[in-house]
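Report on the structure given below.
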Amino acid sequence: MLKAIFPTLGRFRLFVQVAMLLLTVYGSNVVGFYMAEKVSNALPALSCAYDQQNGAYCVLIPTQHQLHHRIGEALVKAQEITVQMFLPLLFTLLTFFTFFFVLSKAFCGWVCPLGTIQELINKLGRKLNMPLRRFENGSVSKVRPVKWLMLLVLVLALPLLTGLGVTPHSLGNPFCDVCPSRIVTTLLTGSTEQMALRTGDGIAFTLGAIANTMAGFILVAAFAVRQPFCRICPLLSFNAVFQRLSPMRLVKKQHDKCDKCGICAKACPMDIHEIAREHGSKAYHEDCTLCGRCAEFCPDDDVIQMKWGPIPLFKSSREYYKQRMKGEMPDGTLKIVTAPRKLAAGAEDNA
Ligand code: SF4
Ligand code: SF4
Ligand code: SF4
């Protein structure tokens with residue numbers, strides 16, 4: 001029955017993504033504002049519009065806020081450093097870990113509204129026959145450190161320095177001030193409020209202008225590049241720090257059948273070329289969003305698996321691969337009709 005409705009994992013994931021997009025953008029209307037504030041503060045995916053009343057965002061806002069208002073100020077007033085001051089941050093991180101333990105980085109591949117929006121725009125680009133730009137091995141490794149820089153500078157260092165009084169107050173939540181999800185997801189609710197620039201404060205004005213520009217750039221770039229913002233998103237690096245702590249993961253067996261055809265890497269929206277070359281825990285890369293596309297497009301049985309602890313959730317299989325290649329391709333047009341192994345080279349360009 002389920003298989004008839006969702007013939008592919010990709011179709012099922014798209015269903016979950018759209019459901020999550022609706023939930024994370026309009027969810028507070030269902031669960032109520034009190035619950036929305038509690039939930040949205042701990043989400044390991046960007047969901048700015050979820051709590052429409054209080055404008056709480058994701059785990060990054062309380063992290064910045066606590067570093068700014070609690071930890072930074074606590075270090076200045078050393079006598080006030082007590083366990084109580086760390087409790088709010090501890091509580092936020094504990095709630096985050098509870099979410100994260102269950103789903104890990106699948107929040108990125110299956111839940112994050114900004115991730116879904118970028119993916120839907122890219123699908124539209126394929127339908128419109130726009131050229132798909134990929135990051136090759138060299139360029140992708142140059143971009144990867146940026147997400148760590150975003151985390152270290154915008155989420156951790158500047159809020160802490162602001163709390164210590166080193167940097168101005170308007171640098172207290174710098175990532176949220178430049179976050180494109182804040183603009184894009186609230187626009188989906190019909191509100192343009194988040195696009196407004198704060199005049200009278202040069203730093204706040206500049207950060208707001210960067211946010212608007214970045215949101216516009218990402219919406220356009222997503223037509224040609226898969227997941228453009230995800231590559232520099234500090235939540236990707238934040239989640240990567242803890243990814244090994246969750247039982248949810250991507251596993252690739254060292255397998256005679258794996259002939260490094262590279263289709264998995266071509267199918268990967270994050271251009272993780274290592275997925276074709278590495279095996280074991282190395283194949284679960286820091287940029288992986290657990291979307292499962294590499295497992296969907298690998299033509300060999302059991303080579304790539306999504307697992308929760310010992311429980312396999314999805315395994316690559318030749319039969320599924322054949323079905324997937326006959327179905328809707330990422331570019332929305334190509335139909336593959338010959339044998340899968342022979343097709344590999346031709347299919348690569350479209351996977
Ligand atoms: S990496 Fe992408 S999917 Fe993950 S939280 Fe950031 S924007 Fe969302
Ligand atoms: S698609 Fe499968 S067989 Fe091909 S390189 Fe990737 S893991 Fe190996
Ligand atoms: S490695 Fe696989 S699961 Fe991870 S992002 Fe790439 S395609 Fe998705």
Non-local residues with an amide H under 5 Å from the amide H of Leu313, with H modelled 1.01 Å from N and Pro and chain starts lacking one, are Met306, Lys307, Trp308
Net charge near Pro247 (other residues with Cβ under 13 Å of its Cβ; Lys, Arg +1; Asp, Glu -1) is +4
For the table Lys105/Lys252; Lys282/Lys315; Lys123/Lys253; Lys3/Lys307; Lys127/Lys307; Lys3/Lys127, the rows whose alpha-carbon distance is greater than 22 Å are Lys123/Lys253; Lys127/Lys307; Lys3/Lys127
Per the helix-only model, the chain has a calculated mean residue ellipticity at 222 nm (DSSP H runs of ≥4, -39500 (n - 2.57) each, divided over all residues, rounded to the nearest 500) of -14000 deg cm²/dmol
For Val39, Val184, ascending order of other Cβ atoms within 10 Å (fewest first) is Val39, Val184
The exposure ranking of Thr116, Thr213, fewest beta-carbon neighbours within 10 Å first, is Thr213, Thr116
Going residue by residue through segment 212-228, the Karplus relation 6.51 cos²θ - 1.76 cosθ + 1.60 with θ = phi - 60° gives ³J(HN,Hα) values, rounded to whole Hz and with x marking Gly or Pro, of 4, 5, 5, 4, x, 4, 5, 4, 7, 4, 5, 5, 10, 10, 6, 6, x
Ranked on Cβ counts within 10 Å of their own Cβ, fewest leading, Phe135, Phe217, Phe297 go Phe217, Phe135, Phe297
For segment 263-276, in residue order, the Karplus 3J(HN,Hα) values (coefficients 6.51, -1.76, 1.60; θ = phi - 60°; whole Hz; Gly and Pro = x) are 5, 4, 5, 5, 7, 6, x, 9, 6, 8, 5, 4, 4, 7
With Cα coordinates, the longest principal axis of the chain makes an angle with the long axis of helix 83-103, in degrees rounded to 10, of 10 degrees
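Read the figures in this text as sums done on the coordinates, not as results from a lab. In this text, all values refer to a predicted model and were calculated from it rather than measured experimentally. Cβ: placed from backbone, ideal geometry, glycine included. Neighbour counts: every protein chain shown.
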